[in-house]
Amino acid sequence: METAAARVAYVRPRGLTPLWAGAAVAFLVGALVIGVLVGPIDLGLGPILESVAARLHVPGVSSSLSPTDNAILWEIRMPRVVLGALVGGMLALSGATYQGVFRNPLADPYLLGVAAGAGLGATLAIAYLPEGLRGQQALPVAAFLGGGAAVVLTYSVGRSASRGRDAVTLVLAGVTVASFFTALQTFVQQENADTLQQVYTWILGSIPSSGWSDVVLILPYVTLASAVILAHRRVVDVLSLGDDEARSLGVDVRRVRLVLVVAATVGTAAAVAVCGLIGFVGIIVPHAIRMLAGTGYRALLPLSVVAGAGFLVLADVIARTALAPAEIPLGIVTAFFGAPFFALVLRTTRGGAA
Amino acid sequence: MSAVTLDDVTVELGGRPVVDGIDLEVAPGEWLALIGPNGGGKTTLLRAIARLVSFAGSIALEGRPTATMRRAELSRLLAVVPQEPSTPPWLTVGEYVLLGRTPHLGALAKEGRRDREAAARALARLDLLAYGDRLLGTLSGGEKQRAVVARALAQEARIVLLDEPTAALDIGHQQQALDLLDVLRAESGLTLVSAMHDLTLAAQYADRMVLLDRGRVVADGFPRDVLTEEAIARHYGAAADIVSIDGRIAVVPRRSLVRNT
């Protein structure tokens with residue numbers, strides 16, 4: 001006869017195992033180091049570490065970098081790497097969240113049209129808001145409104161076409177909505193060609209080298225959205241059983257889904273507002289983690305944040321260096337890796353629900 | 001007090017009453033089998049009791065109307081074993097059974113020791129303790145079914161609804177599953193309401209049978225009184241003999257070369 005204590009040992013949620021958490025953090029740290037190291041000017045790892053230590057007021061260490069190099073490190077490379085990490089973590093987390101709440105392995109902020117909607121919202125804000133209101137703070141809000149409209153539209157079109165059961169239908173609906181919103185966005189952009197010169201590059205997806213202001217701009221949205229989603233990580237596992245089963249387990253499905261979709265959309269919109277349309281991060285990262293760690297959402301969601309951050313920092317290094325000194329739009333880099341990966345996921349999914 | 005009380009319950013789907021003015025009382029500790037032809041309203045009635053579909057009339061669990069309960073409260077009283085449960089292949093059996101503790105947890109809380117103990121008890125009852133760390137994707141159909149029942153037990157609800165609990169199982173596993181439910185019912189005083197297609201099995205295990213046709217109760221009573229050749233002909237459109245072997249009833253279909261309608 002086993003004791004109750006012995007029995008309990010058999011029943012534990014794996015949650016975040018030290019192995020995978022450690023692997024994800026190591027990946028992120030490695031990506032951050034590479035992101036800061038690589039660039040047209042070789043700063044060297046040692047001097048960079050010294051400079052970081054000096055900033056952290058470690059006694060007895062002073063930066064050996066020249067003032068110019070220090071500026072390159074702290075005003076160009078660091079903010080860009082940090083912004084890439086924030087955006088990548090957010091997009092991966094949003095993708096995994098959409099996959100859980102829509103029970104659809106193919107859901108992704110880009111494929112659901114959320115990113116295109118957010119792009120339209122942001123473009124409209126730049127083009128038509130009066131000068132005084134056009135300040136940076138309006139961008140994430142406008143992007144959220146556009147992204148929210150897109151996700152509602154995609155979900156209702158997909159549902160009416162297949163009662164929401166077919167994974168591929170939702171993606172087709174998303175592609176439709178995305179094309180429509182992109183068409184509107186392009187129209188607005190052409191009409192205002194004079195004020196929107198920079199919109200074209202932005203919409204292709206890139207991490208701006210504009211110092212810390214963009215980091216500061218999106219940090220509150222990304223932090224809040226991630227905190228809300230991560231707090232619900234156990235409930236996402238329940239939702240992944242389907243509406244009826246989640247309800248019969250006592251979950252207020254409609255409310256929880258609304259909270260999660262709003263959070264994922266807010267986070268995506270903030271990311272799009274500064275970095276444009278970067279696709280496939282929400283597909284590549286969560287699915288790669290599933291393949292490696294084979295885990296429920298409880299662990300998948302936090303792992304997605306960390307690995308997504310590292311992934312986008314690395315993708316940005318490729319975008320900066322592949323054709324240096326020219327830059328490839330980051331959205332092109334992620335699509336280059338993401339599209340084949342998506343095909344692979346599509347093959348293994350066969351249109352079924354998650 | 002009745003475990004489940006239905007008072008004039010009607011469910012309309014697409015403008016058509018699928019469940020039509022049903023009154024029903026289920027006693028505590030009773031095993032009630034809902035039988036009837038496809039489209040008779042069995043599944044919809046179970047869904048109404050679990051408040052998964054909107055209905056007119058009133059349904060009470062242990063005397064309290066479900067309409068005014070919070071979701072989690074309802075789920076602490078009543079567990080559901082669906083016909084086609086989804087079993088995400090990436091979850092372990094232990095994790096899956098722990099999901100049964102959801103109605104006992106706050107919205108954002110994690111499982112505590114009590115929850116892990118309840119899950120361990122449920123696993124032990126279903127002989128699944130050694131499977132705690134196995135992934136659901138690696139289980140056979142019968143093992144999955146046991147995991148689903150374990151999840152319902154971990155919920156520690158006194159009323160359990162089962163929709164075709166044996167549909168996916170072979171005869172041996174059907175018998176095992178139903179024997180097990182019978183034991184659990186006796187040990188824990190569970191009230192079971194199950195929708196079943198297999199009339200012979202239903203007659204073996206249920207105390208009471210309710211025959212639903214076109215959303216109405218057309219017969220209600222002991223299995224031997226409900227299962228008559230006449231009732232089966234009329235409500236299922238099937239020709240069958242009812243035979244009794246040592247007091248156990250079996251429904252034996254009769255092959256007809258010419259079908260008369």
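The values are calculated or read from the model by the stated rules, or taken from the named source; none is laboratory data. Since the structure is predicted, the reported quantities are computational estimates derived from the model, not experimental observations. Because the Cβ atoms are built from the backbone with ideal geometry, glycine has one as well, and the counts that use them run over all protein chains shown.
Of all residues in segment A:41-86, those satisfying the criterion of being crowded, with 17+ Cβ neighbours inside 10 Å, among the small types (G, A, S) and at pLDDT 85 or above are A:S51, A:G84, A:A85.
Taken as a whole, segment A:251-261 holds at least one residue that is crowded, with 16+ Cβ neighbours inside 10 Å, touching a Pro at 6+ places or on another chain (Cβ under 9 Å) and farther than 21 Å from A:V313 by Cβ. For segment B:61-70, what are the residues that are crowded, with 19+ Cβ neighbours inside 10 Å and touching a residue at least 24 places away in the same chain (Cβ under 8 Å)? Listed by number, the list holds a single entry, B:L61. Between B:G100, B:G29, B:G14, B:G57, the distinction of being surrounded by fewer than 18 Cβ atoms within 10 Å (Cβ to Cβ), without any contact (Cβ under 8 Å) to a residue 60 or more places away in the chain and either in the same structural domain as B:A130 (by TED's automatic domain parsing) or in contact with a Leu (Cβ under 8 Å, 6 or more places away or on another chain) (or both) belongs to B:G57 only. Taking first residues from segment B:110-137 that are at positive phi and partners that are surrounded by fewer than 20 Cβ atoms within 10 Å (Cβ to Cβ), the Cβ contacts under 9 Å between residues at least 6 apart in sequence or on separate chains come to B:D127/B:L180. Residues that are more than 18 Å from A:P109 (Cβ to Cβ) and assigned to a helix (DSSP H, G or I) within segment A:314-335 comprise A:L314, A:V317, A:I318, A:A319, A:R320, A:T321, listed in sequence order. The residue that is farthest from the other protein chains (Cβ to nearest Cβ), counting only those in segment A:248-288 that are under 25 Å from A:P340 (Cα atoms) and out of contact with any Gly (no Cβ under 7 Å at 6 or more places or on another chain), is A:A271.
If you go through segment A:242-257 and pick out every residue that is closer than 14 Å to A:G100 by Cβ and without any contact (Cβ under 8 Å) to a residue 12 or more places away in the chain, you end up with 3.
Applying the criterion of being of a type in the set (G, A, S) and within 14 Å of the chain's Cα centre (by Cα) to the residues of segment A:95-112, the residue that is modelled with the lowest pLDDT is A:A107.
The number of residues in segment B:60-80 being modelled with pLDDT under 95 and within 30 Å of B:G137 (Cβ to Cβ) comes to 2. For segment B:161-179, what are the residues that are buried (at least 24 other Cβ atoms within 10 Å of the Cβ) and within 14 Å of chain A (Cβ to nearest Cβ)? Selection gives B:L161, B:L162.
Within segment A:310-326, is even one residue under 30 Å from B:V93 (Cα atoms) and of a type outside the set (F, W, Y)? No, because not a single residue in segment A:310-326 is under 30 Å from B:V93 (Cα atoms) and of a type outside the set (F, W, Y). Residue-level check: of (1) surrounded by 15 or more Cβ atoms within 10 Å (Cβ to Cβ); (2) modelled with pLDDT of 85 or more; (3) more than 27 Å from the chain's Cα centre (by Cα), A:R7 misses just (2). A count restricted to segment B:215-230 and to residues that are over 19 Å from the mean Cα position of the chain (by Cα) and more than 19 Å from B:I22 (Cα to Cα) stands at 6.
Each residue in segment A:83-132 was checked for being over 22 Å from A:A335 (Cα atoms), part of a helix (DSSP H, G or I) and aromatic (F, W, Y), and 1 pass.
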